[in-house]
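Undergrad: Structure in structure tokens, see below.
Values quoted throughout were computed directly from the atomic coordinates according to the rules given, and no laboratory measurement underlies them. As the structure is a computational prediction, the values presented were derived from the model and not from experiment. Cβ sites come from the backbone with ideal geometry, for glycine too, and all protein chains shown count toward neighbours.
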Amino acid sequence: MYCQRSVHPSQVTVDEVRQMSFKVPGKEFRHPTSWMPTYTAIETLNELLNCQIEYLFTDWDHAADLPMFRGCLVMDEHGEISYDF
């Protein structure tokens with residue numbers, strides 16, 4: 001959901017922000033390509049969600065090997081693991 005910068009978040013409800021994402025009051029209907037996230041952003045969220053699901057399948061199985069997270073997590077040269085968005 002996207003909202004104009006001129007609108008203060010504490011002055012509107014979530015439903016009003018959702019409606020403004022589709023059609024700003026007093027203006028024509030906005031084409032979905034102007035308010036929907038980009039294809040790559042949706043793909044990134046999809047990949048992150050799949051990584052979380054794979055991790056949850058290892059829950060309570062202490063002998064389970066951690067899954068390969070397919071690019072969601074990266075390890076640096078010091079062994080620190082971080083998210084790769």
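Undergrad: What does the highest-first list of 41-51, 56-66 look like by mean Cβ count within 10 Å?
TA: 41-51, 56-66
Undergrad: Let me ask you something else. Could you tell me how many degrees, from 0 to 90 and to the nearest 10, lie between the Cα long axis of helix 39-56 and the main elongation axis, the longest principal axis, of the Cα atoms of the chain?
TA: With rounding to tens, the tilt is 40 degrees.
Undergrad: Please tell me the relative contact order of the chain in percent, rounded to the nearest whole number, where contacts are Cα pairs under 8 Å and at least six residues apart.
TA: Numbers: 47 pairs, mean separation 14.5, N = 85.
With pairs under 8 Å counted, the relative contact order is 17 percent.
Undergrad: Sticking with this structure for a sec: Report, by chain and number, residues whose modeled amide H sits under 5 Å from the one on Leu73, excluding near sequence neighbours (fewer than 5 apart, same chain).
TA: Residues meeting the criterion, in which the H sits 1.01 Å from N, are Asp84.
Undergrad: Next question. Which order, highest average first, do 32-40, 5-13 follow once you tally other Cβ atoms within 10 Å for each residue and take the mean per peptide?
TA: Values: 32-40: 9.7, 5-13: 8.1.
Put in order of decreasing packing, that is 32-40, 5-13.
Undergrad: Students often get this wrong, so try it: which of (1) 48, 16, 10; (2) 39, 14, 14; (3) 27, 9, 9 is semi-axes √(5λ) of the Cα gyration tensor in Å as calculated from the structure shown?
TA: (2)
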